[in-house]
Amino acid sequence: MKIVIIDGQGGRMGRVIMEQLLEQGADQKAELIAVGTNGIATAAMMKAGAALGATGENPVIVACRDADIIIGPIGIVVADSLLGEVTPAMAQAVGQSKAKKFLLPVSRCNTTVVGVKALPMADLVKECVEQVMKLLPA
């Protein structure tokens, strides 16, 4: 199983997701790949313990091709989001991937998901990691 964590800007969300997945032992059950829309985001996820990481548009496209799970802020499916870091090709790659997608609603993407309760990032990440772990083999 291949889990791709995509993040941009400072990579804080991706870092916390990676830390929690590693704490839960997800790396023993799946390949975890950190992909940043910029070098700072990738570095943050690598500092968290990611074994594999890459930066930029082409790594997003390539990683999404055969991913089983994609995790990231909701902006990764919206062209020009994250202050323009998400290119149309990146958003298309994520959107067209057959992977199960875990998109965290972040208001900074200038996107409001109606009906979704505004929760602190820590709670969103915790819920996301819990749901991902349920999909991994025992």
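State whether one or more residues within segment 80-100 are among the charged types (D, E, K, R) and buried (at least 18 other Cβ atoms within 10 Å of the Cβ). Don't jump to the end; show me each part of the working.
Of segment 80-100, the ones among the charged types (D, E, K, R) are 80, 85, 98, 100.
If we keep only those that are buried (at least 18 other Cβ atoms within 10 Å of the Cβ) as well, we get 85.
Yes, some residue in segment 80-100 is among the charged types (D, E, K, R) and buried (at least 18 other Cβ atoms within 10 Å of the Cβ).
What residue, among those in segment 6-25 that are crowded, with 21+ Cβ neighbours inside 10 Å and part of a helix (DSSP H, G or I), is nearest to the chain's Cα centre (by Cα)?
Gly14
Val60 fails exactly one of the following numbered conditions: (1) under 22 Å from Leu124 (Cα atoms); (2) buried (at least 23 other Cβ atoms within 10 Å of the Cβ); (3) at pLDDT 95 or above. What is the number of that condition?
With respect to (1) under 22 Å from Leu124 (Cα atoms); (2) buried (at least 23 other Cβ atoms within 10 Å of the Cβ); (3) at pLDDT 95 or above, Val60 is out only on (1).
The values are calculated or read from the model by the stated rules, or taken from the named source; none is laboratory data. Everything numeric in this text was worked out from a predicted model, so none of it was measured. When we count neighbours, we look across all protein chains shown, and the Cβ atoms used for this are built from the backbone with ideal geometry, even at glycine.
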